[in-house]
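Heads up, the thing below is written out as structure tokens.
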Amino acid sequence: MLRVGVGMLLVAFGAVMAVPALQRAFAAATARFASGGDRALARVEGRGWTGQFAVGLLLGVVWTPCVGPTLGAASTLASQGTQLGQVAALMLVFGLGAATPLVAIGTLTQRFRLSSRPGWLAAAETIRRVLGVLLVGAGLLVLTGLDKSLEAWLLDRSPDWLTELTTRF
């Protein structure tokens, strides 16, 4: 049931990203919730340590459902008191992986905001549509069970070092 639910959500959100009419309908349906988040962000001054901490807290509220399982697994391993070196390495790599895109996005956003290039808006719309189509495709793979076949096919063609690296932890 969980796989079917996730597959349906992937298809639904992918369709919303890919189809402008669905984007508008989704925006209208979630406007009240989004405006509450906008009001909360508007009250936060993003400058200085305190402002950045507050923005991080708001981001954490949104981000927690995505990273919770990974952090929960690492915390469980750490609480067992075994393989602490591997757990520490996993947490370090996870932290670096999580921080790198945030720093990059923050830096690029600042640069593009200062240069204000209108061509980026058109590119962002195209990227959103492409990502939406990819999400729909991923959802359909999950719903049909073909994701498992694709995973097996990729695993068969994966180099041994990569398979060992990704299954070690």
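Just checking, which of VAL103, VAL61, VAL133 is within 30 Å of LEU22 (Cβ to Cβ), open to solvent by 80 Å² or more (accessible area, probe 1.4 Å), among the aliphatic types (A, V, I, L, M) and at pLDDT 75 or above?
Details: VAL103 fails: within 30 Å of LEU22 (Cβ to Cβ); VAL61 fails: at pLDDT 75 or above.
Answer to the selection: VAL133.
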- Which condition number in (1) surrounded by 11 or more Cβ atoms within 10 Å (Cβ to Cβ); (2) at pLDDT 80 or above is the one that LEU77 fails? (2)
- Can you tell me which residue in region 80-100 is modelled with the highest pLDDT, limited to those that are open to solvent by 90 Å² or more (accessible area, probe 1.4 Å) and over 18 Å from the mean Cα position of the chain (by Cα)? LEU92
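The values are calculated or read from the model by the stated rules, or taken from the named source; none is laboratory data. This is a predicted model, so every value here is computed, not measured. Don't worry about glycine lacking a Cβ; one is built from the backbone with ideal geometry, like all the others, and counts go over all protein chains shown. Heads up: the accessible areas ignore ligands, DNA and RNA and are worked out on the full protein's heavy atoms, side chains in. Shrake-Rupley method; radii C 1.70, N 1.55, O 1.52, S 1.80 Å.
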